[in-house]
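J.: Sharing a structure here in structure tokens format.
The values are calculated or read from the model by the stated rules, or taken from the named source; none is laboratory data. These numbers were taken from a predicted model, which means no experiment stands behind them. When we count neighbours, we look across all protein chains shown, and the Cβ atoms used for this are built from the backbone with ideal geometry, even at glycine.
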Amino acid sequence: MNGPELSLFDLGLAALMVVAVAGFVRPLSKRSANGLLVGMARMSLQLALIGLVLKALFENVTPYWVLLVSLVMLLAAGREVMARQHYRRHTIAEWRNGLFAMAAGSFSLTLLALLVMIDHDPWYHPRFAIPFLGMMLGNTMTAIALTISRILEGAHQQRAMLEERLALGESWQEASHTIRRDGIRQGLIPVINMMAASGIVSLPGMMTGQLLAGADPVNAVSYQILIILLIAAGTSIGILTASRLTLKQLFDDRHRLRLDRFTEEKER
């Protein structure tokens, strides 16, 4: 059983609403308005392309193509994490750290789900591997971006406090404990809210998609609980990794605060 098909008119009407909202936002922030429009265009193109890719993958199931698509998704997610930061280093190390945190939080939990919990033959079938990895990457990407942003902004706002604590003999780990804690809290807010609201305020995306496709509600709920728990665990791993790597960039080997390594991205 399949859900009702959507026409181009239906999609165009939804796009028109985003264009209208961007028009209202533009006087306040040109950059944000442009981000909405560019994001809408990118999303539409990317989803159309992934639809074609998935169709080809389903017809020719091989681990190499699944791995290639997974790596492309990881690279894109790593780039998005750093591209949205207010303070940037614009170095390979910055991008590498984002990728490592994303992989630690997403790939490990996705493999666990595919090998142990789903137990489908073959375990790498794109019908399961790509959607699971996509949901893990999407949520982990948001959480990591929030964590890094909060840590970098906190370091700039609390520069005097950090330098004072370092001058009193504290290590960079001790001096930065507060801003790391705040960053972790910030990154966990979306996943905590998602768990608190699921089933009462909202029906999560995976469950909604299965219900629209005619799946059994109980089975849809089981899959949704699984993915939410995996997202919570993967997000936490990614946040802890990202916060540690970000703080290491803020200090040098002599435990000196190095905000000069970062440049501020100007609002337009």
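J.: With Val61, Val81 as the choices, which residue is farther than 30 Å from Phe262 by Cα, among the β-branched types (Val, Ile, Thr) and surrounded by 12 or more Cβ atoms within 10 Å (Cβ to Cβ)?
T.: None of the others qualify; the one that does is Val61.
J.: Please go through the stretch 103-135 and pick out each residue that is assigned to a helix (DSSP H, G or I) and over 18 Å from the mean Cα position of the chain (by Cα).
T.: Scanning the stretch 103-135 gives Leu112, Ala113, Leu114, Leu115, Val116, Met117, Ile118, Pro126, Arg127, Phe128.
J.: From the list Val38, Val19, Val25, exactly one residue is at pLDDT 90 or above, surrounded by 15 or more Cβ atoms within 10 Å (Cβ to Cβ) and not assigned by TED's automatic domain parsing to the domain that holds Ala242. Which is it?
T.: Val25
J.: Only one of Leu16, Leu6, Leu11 is on the phi < 0 side of the Ramachandran plot, of a type outside the set (Lys, Arg) and not in a helix (DSSP H, G or I). Can you tell me which?
T.: On inspection, the qualifying residue turns out to be Leu6.
J.: Which residues, taken from the stretch 1-56, are touching a residue at least 12 places away in the same chain (Cβ under 8 Å) and of a type in the set (Lys, Arg)?
T.: Within the stretch 1-56, Lys30, Arg31 qualify.
J.: Quick check: is even one residue across the stretch 251-262 among the basic types (Lys, Arg) and at pLDDT 85 or above?
T.: No, because not a single residue in the stretch 251-262 is among the basic types (Lys, Arg) and at pLDDT 85 or above.
J.: Go through the stretch 86-121 and count every residue that is polar (S, T, N, Q) and either surrounded by 19 or more Cβ atoms within 10 Å (Cβ to Cβ) or not assigned by TED's automatic domain parsing to the domain that holds Leu245 (or both).
T.: Residues that pass the stated criteria total 3.
J.: If you scan the stretch 116-175, which residues turn out to be among the polar types (S, T, N, Q) and either in contact (Cβ under 8 Å) with a residue 40 or more places away in the chain or more than 23 Å from Leu240 (Cα to Cα) (or both)?
T.: Asn139, Thr140, Thr142, Thr147, Ser149, Ser171, Gln173
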